[in-house]
Amino acid sequence: MLSTEDYIRLSIQHNLFWIRIMKEHAIFIEATMPPPGRQYALQAGRFRQNYDRLMRLTIRLSNGVIKADDLHSGQFYTQYTLEAERQTQVSTGINIDTNLTQMEHCIEPYNKSLPINAYMEQSVGALNENLLSLTNSFVRFKAELLELRTTCGLFTMMYTADIEHVLLEAQRYQKILVGLQNRVDLTPEDDIIFWTQNMAGHAKVMRGELDPTQGVLINQANAFANTFDTLANEEISGCNNPTDSTLLTETQDIAGFKAMVTQDLIHCKVQAILLSLYTDHLLREANHFIWLLK
Ligand SMILES: [Fe+2]
Ligand SMILES: [Fe+2]
């Protein structure tokens, strides 16, 4: 059973990470949707706006809740996020609320004691309920897209594997929110396998969306895909289970790779059909895994 303090802190921490992840999935779905899927692009746009609204509330509730180290762990935003958002808005025409990112930069860290009171607890509870209901809908929406994509009922420029990937992440967040609302400690048992496979998935999408002229980067992405596939297989089989320090080193390496590609995309030094906000998103997920491992 979570104490009220842990309930508030864990809720804010997970929501700050996951809301941004969810709203960016909506952006990526919207950005890769050709005209026949217009209705789906519009729906994705509404999910983005609803997550934005709840993100603003979360940020308002965050002051004094999260420790400075956690705030600056690179899982909520990175040094590239703001610029990546500006560029992605120009590239896709999708309106991205950069104000929220600026607000995140100003969140005050935890200071000795949490501002716990009945109002705070109630506000967090209501926020989690709204997020759960929105995420339940988003899971259904992504599952529908996946079904349509795999049965050729809808063509999008997003890989099928990536639609499945974003669906699995939404289901993960759903599970975490249910845990929070039941006040149970919620680290899912398969967290390590989930994030190891997630890193392999990122490397494969990067490998496939780099321009064919970018041989060196494609080979690097391929090597990361192989490394994380091997690690995930070892974890699943239970034989030669990788140590946390091996996972940490490999994840720090792939985070470095994602950071470099993000920076090069921002400065137009790499050719790809990757948005800089997309690789920044992958970087934040790697930073989240690093944070979990520590
Ligand atoms: Fe994601
Ligand atoms: Fe991911």
If I take every Cα pair under 8 Å that is 6 or more residues apart in the chain, average their sequence separation and divide by the length, what percent do I get for the relative contact order? 23 percent
HN-Hα J couplings of the stretch 42-55 from phi, Karplus 6.51/-1.76/1.60, θ = phi - 60°, integer Hz, Gly and Pro as x? 5, 4, 4, x, 5, 4, 4, 5, 5, 5, 4, 4, 6, 5
Full-stretch length increase - SER245, THR213 - with 0.36 nm per residue and alpha-carbon distance subtracted: 8.1 nm
Whole percent per 5 Å bin, from 0 to the bin with the longest distance: what is P(r) over all C-alpha pairs of the stretch 187-294? 2, 13, 25, 24, 16, 10, 6, 2, 0
Taking the Cα atoms of the stretch 73-136, report the difference between the largest and smallest coordinate on each principal axis, in whole Å and largest first. 44, 32, 18
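At 37 °C and 0.692 mPa s, what whole-number value in µm²/s does Stokes-Einstein give for the translational diffusion of the stretch 34-151, with Rh from the Kirkwood sum over Cα pairs?
Reported coefficient: 197 µm²/s.
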Past 30 Å, Cα to Cα, is the threshold; run LYS23/LYS269; LYS175/LYS294; LYS23/LYS112; LYS23/LYS258; LYS67/LYS204 against it and keep the listed order. LYS23/LYS112; LYS67/LYS204
Checked against the positive end of the charge dipole of the chain (+1 on Cβ of Lys and Arg, -1 on Cβ of Asp and Glu, about the Cα centre), the farthest of LEU282, ILE59, ILE218 is ILE59
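Calculated from DSSP H runs of 4 or more alone, at -39500 (n - 2.57) each and per residue, what is the 222 nm mean residue ellipticity of the chain, nearest 500? Intermediate results must be reported in sequence, preceding the final value.
Numbers: 11 runs with 215 residues, N = 294.
Counting only the DSSP helices, I get -25000 deg cm²/dmol.
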Plugging the Cβ-Cβ distance of SER113 and LYS175 into 1/(1 + (r/R0)^6) at R0 = 41 Å yields, to the nearest 0.05, a FRET efficiency of 0.85
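Please give the contour-minus-distance gain from ASN99 to THR150: 0.36 nm per residue of separation, less the Cα-Cα distance, rounded to one decimal in nm.
Values: separation 51, 0.36 × 51 = 18.36 nm, distance 3.67 nm.
Fully extending the segment from ASN99 to THR150 adds 14.7 nm.
If packing is taken as the average number of other Cβ atoms within 10 Å across a peptide's residues, how do 9-19, 37-47 rank, most packed first? Mind dumping the intermediate values first?
Values: 9-19: 22.5, 37-47: 17.0.
Sorting 9-19, 37-47 by mean packing, highest first, produces 9-19, 37-47.
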Over the Cα atoms of the chain, each weighted equally, I'd like the Debye log10 I(q)/I(0) at q = 0.08, 0.10, 0.16 Å⁻¹, rounded to two decimals. -0.34, -0.53, -1.44
Those trypsin sites (Lys or Arg not before Pro) from the stretch 108-145 that are DSSP loop and have at most 16 other Cβ neighbours within 10 Å turn out to be LYS112
Out of residues 5 or more away from ALA272 or on other chains, whose amide H comes under 5 Å of its own, with H placed 1.01 Å from N in the peptide plane? ASP211
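Can you tell me the length gained on complete extension of the stretch ASN63 to ASN233, counting 0.36 nm per residue apart and subtracting the Cα distance? Don't skip to the end; give the middle numbers.
On the way: separation 170, 0.36 × 170 = 61.20 nm, distance 4.07 nm.
Difference between extended and current length: 57.1 nm.
Let's test the formula: R0 of 30 Å, r as the Cβ-Cβ distance of ASP190 and GLN271. What FRET efficiency results, to the nearest 0.05?
Values: r = 37 Å, r/R0 = 1.23.
Once rounded, the FRET efficiency stands at 0.25.
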For the stretch 187-294, what relative contact order do you get, as a whole percent, if you take Cα pairs closer than 8 Å and at least 6 residues apart? 28 percent
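If you average the sequence gap of Cα pairs under 8 Å that are 6 or more apart and divide by the length of the stretch 1-155, what percent do you get for the contact order? Could the numbers behind the result be given before it?
Values: 127 pairs, mean separation 46.9, N = 155.
Relative contact order comes out at 30 percent.
Values in this text are rule-based calculations from the coordinates and carry no lab data. None of the values given here were measured: they were computed from a predicted structure. Positions of Cβ are backbone-derived with ideal geometry, glycine not excepted, and every protein chain shown enters the neighbour counts.
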